[in-house]
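Engineer: Have a look at the structure that comes next, please.
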Amino acid sequence: MADHDHFDLVVIGAGPGGYVAALRAAQLGLKVACVEEEKALGGTCLRVGCIPSKALLESSEKYHEAGHALAEHGVQIAGVGLDLAAMMKRKDKVVTTLTRGVASLFKKAGVTRIEGHGRLRGGGQVQVTSGDATRTLEAKDILIATGSKVATLPGVAMDWDRIGGSTEALSWPEVPERLVVIGAGVIGLELGSVWQRLGAQVTVLEYMDRILVGVDDEAAKAAHKVFSKQGLDIRTGVKVTGAKVEGDRCVVTYEGGEPLEADRVLVAVGRRPNTDDLGLDVAGVEVDDRGRIAIDAHFATSAAHVWAIGDVVAGPMLAHKAEEEGIACVERLVTGYGHVNYDAIPNIVYTHPEVASVGRTEAQLKEDGVPYNKGSFPFLANGRARALGSTDGFVKILAHAETDRVLGVHIVGPRAGDLIAEAAVAMEFGASAEDIARSCHAHPTLAEAVKEAALAVGGRALHI
Ligand code: NAI
């Protein structure tokens, strides 16, 4: 085997988990290859997930503001129009710039990019197929970072166009008049919001009796109220049983009600680990009962020198969780030490207002019998939020009743996704609510609501 096919580490998958792990491994002096079957690097997140959806969320919010919110600021705009093609072009440009950016990061760091489908062959070998060409790589260690794929629903006949997943919903050529979204999770609410702002009549059907399962109840309830006020028709407790294209429309059926007609359907009922044609059997890599690659606390699979991270293993399917795992995994390989603090991983829904959280929810603390104090502060009472004209929501801090240590922070409000970083850092440092309350927060900022919520934990918020 030629020397250029020998590596210290072969990473399969160039999403945020895989590409960051490859960069860190190269930084630590390993000879690294990263195998990716898509032409563009960056994985689902950069190509057809986080980044394009955020580009469309920004653009659609600006369109909505121009038509509905700027008059309040004394800005008169006559004849606001939508150029969807231009909006999509901008989104594509944002994506291309970032995916090319990963390619240049690889070049700079000395990571060898190998295009094709990677498959484990056992004994430290990875076979890469690209068209008719096959190449075999030899690796001391192999890291699987193949991410996840859209989960489908029985009875829902996806044609990956009119009835599609998030990838399709990021590129529709026209605004559907009527859109049905199946699933009131992160994708359903983010992309449902995009199309609702652009003019679609959006109905969201959710199986559970609440939206955003996993998010703190109070935060999810507040968000539900605001989204409904914005015009999203969210129906909970609805079990969708089927969907199909019939002529020029889609028909969605669910238990206990009349079928719904729509121009397009977005299926957003979760994602499943992507282990398709990976050669796991050949290499002796076991999966768990949900098809995720089984790993120990140090990302080791059941096969020696084969590691796995990100959406393909257990845990929240989040880009930043995958990144942290990738870094910890390769640091451990090289230095013997690497760690991810799963208690301080933020979670953000980029709607307007945003919903952001880190740590435990009230329900979790109650279930575990952990005594806690709670401090809340509404954005209505925050000067900067008033100036912005964005006063929906609140900051809530949950701290241990005896030690005052911050256990969870939940924010619904403007720029909640940026505000949660302070809470994540505080929790990483084991801060108390008092620590946050005594830190000087600039005025006038949204972050003052975090300080006030921390003061409220001790019953001494000042501006309410
Ligand atoms: P999700 O798990 O967040 O939500 C899926 C929803 O579909 C759930 O509420 C579930 O109860 C509902 N559902 C399931 N079966 C149903 C049925 N038959 N009828 C009606 N409703 C049904 O999954 P989603 O939104 O598809 O996102 C997938 C993954 O991608 C998540 O793990 C999420 O964390 C990640 N993601 C993260 C983003 C972020 O961090 N901002 C953005 C987009 C995705």
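Derivation of every value follows stated rules applied to the coordinates shown; laboratory data play no part. Just so it is clear, the structure is predicted and the values come from calculations on it, not from any experiment. So basically every Cβ, Gly included, is an ideal-geometry build from the backbone, and we count neighbours across all protein chains shown.
Engineer: Normalised radius of gyration for the chain, please: alpha carbon Rg relative to 2.2 N^0.38 Å, two decimal places.
Structural biologist: That works out to 1.03 for the chain.
Engineer: While we're on this one: Can you compute the label reach from A103? Point 7 Å from Cα along the Cβ direction, backbone N cut-off under 14 Å, restricted to the range 9-40.
Structural biologist: Within reach of a label on A103, which here means backbone N under 14 Å from a point 7 Å along Cα→Cβ, the range 9-40 contributes 36-40.
Engineer: I would also like to ask the following. So, in nm, how far is label V425 from label K229 when the simple model puts each one 7 Å beyond its Cα toward the Cβ?
Structural biologist: 3.1 nm
Engineer: Leaving out same-chain residues fewer than 8 places away, which aspartates and glutamates sit with a Cα under 14 Å from that of K62?
Structural biologist: Here the aspartates and glutamates satisfying the reach criterion relative to K62 are D83.
Engineer: Let me check the size of the range 163-269 from its C-alpha atoms; what are the radius of gyration and Dmax in Å?
Structural biologist: Every Cα atom of the range 163-269 included, Rg and Dmax give 13.0, 42 Å.
Engineer: Among bridges DSSP assigns within the chain, what percent are antiparallel (round to 5)? Don't skip to the answer; put the middle values down first.
Structural biologist: On the way: 48 of 80 bridges.
Within the chain, antiparallel bridges account for around 60 percent of the total.
Engineer: Here's another thing I want to ask about it. In debye, nearest 20: dipole of the range 344-457 around its Cα centre with unit charges on the Cβ of K, R (+) and D, E (-)?
Structural biologist: 260 debye
Engineer: First measure r as the distance between the Cβ atoms of E255 and V282, then evaluate 1/(1 + (r/R0)^6) with R0 = 35 Å and state the FRET efficiency to the nearest 0.05.
Structural biologist: Values: r = 42 Å, r/R0 = 1.21.
Here the calculated transfer efficiency is 0.25.
Engineer: Next question, about the same structure. Among I345, I309, rank each residue by its count of other Cβ atoms within 10 Å, from fewest to most, as a rough exposure measure. Please report the intermediate quantities before stating the final value.
Structural biologist: On the way: I345 18, I309 33.
By the 10 Å Cβ count, ascending, the order reads I345, I309.
Engineer: Starting from 0.36 nm per residue, how many nanometres of slack lie between Q201 and R178 once their C-alpha separation is accounted for?
Structural biologist: 7.8 nm
Engineer: Also: Can you compute the label reach from E38? Point 7 Å from Cα along the Cβ direction, backbone N cut-off under 16 Å, restricted to the range 47-91.
Structural biologist: 47-56, 91
Engineer: Hey, rough spin-label estimate for T152 and V75, points 7 angstrom out along Cα→Cβ, what's it come to in nanometres?
Structural biologist: Taking the two extended label points, one gets 4.4 nm.
Engineer: So how compact is the range 1-128: Cα radius of gyration and Dmax in angstrom?
Structural biologist: 20.6, 70
Engineer: Looking at this model, which pairs from K149/K221; K229/K366; K31/K108 are more than 21 angstrom apart at the alpha-carbon? Write down the numbers at each step before the final one.
Structural biologist: On the way: K149/K221 29 Å; K229/K366 30 Å; K31/K108 13 Å.
Flagged as over cut-off: K149/K221; K229/K366.
Engineer: Computed FRET efficiency, Cβ-Cβ of A86 and I464, R0 35 Å: what is it to the nearest 0.05? The partial results should precede the final answer.
Structural biologist: On the way: r = 43 Å, r/R0 = 1.24.
E(calc), rounded to 0.05, equals 0.20.
Engineer: Filter the GluC sites (Glu not before Pro) in the range 230-304 down to the DSSP loop ones having no more than 14 other Cβ atoms within 10 Å, then list what survives. Before the final figure, lay out each step's value.
Structural biologist: Numbers: sites: E246, E255, E261, E286; in loops: E255, E286.
Within the range 230-304, the qualifying GluC sites (Glu not before Pro) (loop, at most 14 other Cβ atoms within 10 Å) are E255, E286.
Engineer: Tell me the label-point distance for the pair E115, L380, using the 7 Å Cα-to-Cβ offset, in nm and rounded to one decimal.
Structural biologist: Rounded to a tenth, the inter-label distance reads 5.7 nm.
Engineer: Near K39, which aspartates and glutamates are there with a Cα under 19 Å away, not counting those fewer than 8 places off in the same chain?
Structural biologist: Within the straight-line limit of under 19 Å, K39 reaches these aspartates and glutamates: D92, E115, D132, E168, D276, D277.
Engineer: Taking the number of other C-beta atoms within 10 Å as the exposure measure, put T134, T99 in order starting with the fewest.
Structural biologist: Ordered by Cβ neighbours within 10 Å, fewest first: T134, T99.
Engineer: Give the order of S53, S357, S390 when sorted by the count of other beta carbons within 10 angstrom, beginning with the fewest. Could the numbers behind the result be given before it?
Structural biologist: Details: S53 22, S357 27, S390 18.
Exposure proxy ranking, most exposed first: S390, S53, S357.
Engineer: Calculate the FRET efficiency for D159 and S439 from the Cβ-Cβ distance with a Förster distance of 41 Å, rounded to the nearest 0.05.
Structural biologist: Values: r = 53 Å, r/R0 = 1.30.
Taking R0 as 41 Å, the efficiency between D159 and S439 is 0.15.
Engineer: Shifting gears a bit: Which helices pass in the chain if a helix is a full DSSP H run, must span at least 30 angstrom along its long axis by Cα, and must have mean Kyte-Doolittle hydropathy not below -1.0? Present the calculation step by step, with values, prior to reporting the outcome.
Structural biologist: Numbers: long enough: 84-109 (38 Å, 0.10).
Long hydrophobic helices here: 84-109.
Engineer: So, counting K/R as plus one and D/E as minus one, what does the shell of residues with Cβ under 14 Å around K221 add up to? Could you put the intermediate results ahead of the total?
Structural biologist: Details: positive: R210, K225, K229, K396; negative: E206, D209, D216, D217, E218, E362, D392.
Around K221, the charge tally is -3.
Engineer: Let me ask something else about it. With the Cα gyration tensor of the range 90-159 in hand, give its eigenvalues times 5 under a square root as the equivalent ellipsoid semi-axes, listed largest first in whole angstrom. Write out the running numbers ahead of the final one.
Structural biologist: On the way: eigenvalues 144, 108, 29 Å².
Value: 27, 23, 12 Å, ordered largest first.
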